[in-house]
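The structure appears below as structure tokens.
Taken together, the values in this text are just the output of simple stated rules run on the coordinates, not laboratory data. Owing to the predicted nature of the structure, the values given are computational and were not obtained by experimental measurement. Glycine gets a Cβ as well: all are built from the backbone with ideal geometry, and neighbour counts include every protein chain shown.
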Amino acid sequence: MFTVSHVEHRTCGSGLARESGRSVDIDVECAAAFASKPAPTWVRGVLWFCAVLLLSACSSSPPLPEQTPTFPLPLQLHIERLQDEQRQDWVLVIQQEGPAIRWSMMDLLGIPQARQKLVHGKWQADGLLPPNPEARELFAALLFALTTRDELTVNYPDAWQHGAQRTLPERWDVRYAQPMNFELNLPKGPKYHVTPLSGETP
């Protein structure tokens, strides 16, 4: 004669476990068992890669002022981009739209190049144009350049200005001819020459 011993079979969240009245205890045990297992190597690799991307995105985001600086709007600027002996010309229109500042840049034929809105200290896409990281960097640098000297220290604590030169270390360098006529240099390029659209300096 064979004796069959009773073996209790428990599965995580199974009907058998629920009928035994101990589903809560079993689910807790199962959760602990899963949590104690190390994640597969490929999962750890994906998580590490995502973390690196997130950190690099945060570190590369152009700085914004502590408070939105005050300067006359609407404003129309001629942007001359110089890099590797090549020149591009753009028109930039900056205008107030409710709580937002709208930035619209186009080439000399009127073809849109970039559009952004600055709302409560954050950039938002405006329209269906694809992302343009260079334009966003340019817009942020122009905010820095257009900030009045009285508001500079409050909005950019790390910045300094001496005479006609203003610098945010390791980011932007501005050299003024007039408040609305200046050269803007980025450490790795390009260089921009910014003037009022009319070509007249205030």
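Tabulated data for the structure shown
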| quantity | calculated |
| --- | --- |
| Distance between modelled label sites at His193 and Gln76, nm, 7 Å Cα→Cβ extension | 2.1 |
| For Leu118, net neighbour charge (Lys/Arg +1, Asp/Glu -1) across residues whose Cβ lies under 12 Å away | +3 |
| Extension gain (nm, one decimal) between Asp84 and Asn132, 0.36 nm per residue minus Cα-Cα | 15.3 nm |
| Gain upon complete extension [Met106, Glu151; 0.36 nm per residue less C-alpha separation] | 13.3 nm |
